[in-house]
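The values are calculated or read from the model by the stated rules, or taken from the named source; none is laboratory data. A quick note: this is a predicted structure, and the numbers were derived from the prediction, not measured. Ideal geometry is used to build each Cβ from the backbone, glycine not excepted, and the neighbour counts take in all protein chains shown. Note: areas computed on protein heavy atoms with side chains; ligands, DNA, RNA excluded. Shrake-Rupley method; radii C 1.70, N 1.55, O 1.52, S 1.80 Å.
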Amino acid sequence: MAVSSAEARPGHGRNATPAFLADRAQFVRLETVRLTQIAGAGHYSSTFSAAELFAALYYAHLRFDPARPDWPDRDRFVLSKGHAAIGLYPVLADLGFFDAALLDDYTRLGSPFGDHPDMKKIKGVDFSSGSLGHGLSIGLGMALAGRVQQRDYRTYVMLGDGELHEGQIWEAAMAAGHFKLQGLVAIVDRNGLCIDGHTEDIMAVEPIDERFRSFGWDVQRIDGHDLDTILDTLGALKPAGTGAPQMIIADTVKGRGVRMMEGSLNWHVGNLVGRDYDAVVTELQRGLAPVVASD
């Protein structure tokens, strides 16, 4: 559905109730499990922690048109923690950017869908990721381009909290505050863990809110799994313009939705097989039932 720049957000006419979004978050988790089985390995826990954020952004908030993925006035989304792309691909397919059947060959030879996304191969992807720590700088450039071109899109950057160990993040944070890029919205998936351990043990990043405020950012801290709160926070964001860049620190649980993965260091990368695979799928499917019934 085409959405003009003058129309209010959200612009897709989808049933964006919290119950519907909770269903889509579980869809992200189930598809992550399925695609990981195809690949033989995948990033479960850091995708599960972001599932509600993906659902709220894409089904209720971002401005885009799947029929025109290069529409100049679309909102930009930069997945700086690109290893969570396994959860983003199913959302883009579900929204009509490409045929969902293409995901059946995920990571196979010749497939455009790799562990990290390639913006030159996949419609709806605005950033080709790889090494972590670059996304906020890319988002900064996109926001500056919007200002120069006098466009009113917002640029959203989802960061992993482990990325905050990278110096380039803080250079971008300083520059965004200096240029007063109000149209730049950063979202930190604050699940407390990275591949090497607890983020505070590797290199302390707290207090994240005070550090970004010191660079001139407007900062909010929320429960990253509470869809009512996520929707309220996204709905209250300021439009693109001259003012403080906007930061949402979303406190989440790594591995959210699967008991054996929640808060565990063992499932950043993994592969479920046999009865373990079946048990996780059953657990996630059971989690869907009360959500759908309450809608």
Of the residues in the range 173-203 that are of a type in the set (A, V, I, L, M, F, W, C) and over 19 Å from the mean Cα position of the chain (by Cα), the one that is surrounded by the most Cβ atoms within 10 Å (Cβ to Cβ) is 176
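Within the range 112-130, can you find the residues that are among the acidic types (Asp, Glu) and touching a residue at least 12 places away in the same chain (Cβ under 8 Å)?
Matches in the range 112-130: 115, 126.
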Only one of (1) modelled with pLDDT of 95 or more; (2) surrounded by 14 or more Cβ atoms within 10 Å (Cβ to Cβ); (3) farther than 30 Å from residue 215 by Cα does not apply to residue 247, and that is (3)
message: Condition check: of a type outside the set (Asp, Glu), open to solvent by 10 Å² or more (accessible area, probe 1.4 Å), outside any loop (DSSP other than H, G, I, E, B) and under 22 Å from residue 43 (Cα atoms). Does residue 162 satisfy that?
response: yes
- Task: Report yes if residue 143 is over 14 Å from the mean Cα position of the chain (by Cα), among the aliphatic types (A, V, I, L, M) and either modelled with pLDDT under 95 or under 28 Å from residue 257 (Cβ atoms) (or both), otherwise no.
- Result: no
If we ask which residues in the range 164-211 are small (Gly, Ala, Ser) and without any contact (Cβ under 8 Å) to a residue 40 or more places away in the chain, their number turns out to be 4
Of the candidates 104, 115, the one satisfying the condition of being of a type in the set (D, E, K, R), assigned to a loop (DSSP other than H, G, I, E, B) and more than 23 Å from residue 73 (Cβ to Cβ) is 115
Within the range 11-62, restricting to residues that are open to solvent by less than 10 Å² (accessible area, probe 1.4 Å) and not in a helix (DSSP H, G or I), the one that is modelled with the lowest pLDDT is 42
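Can you tell me which residue is most open to solvent (accessible area, probe 1.4 Å) among those in the range 251-269 that are basic (Lys, Arg) and within 16 Å of the chain's Cα centre (by Cα)?
Ranking the qualifying residues of the range 251-269, first place goes to 256.
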Scanning the range 204-241 residue by residue, those in contact with a strand residue (DSSP E or B) (Cβ under 7 Å, 6 or more places away or on another chain), of a type outside the set (Ser, Thr, Tyr) and open to solvent by 40 Å² or more (accessible area, probe 1.4 Å) turn out to be 213, 218, 220, 221, 223, 238
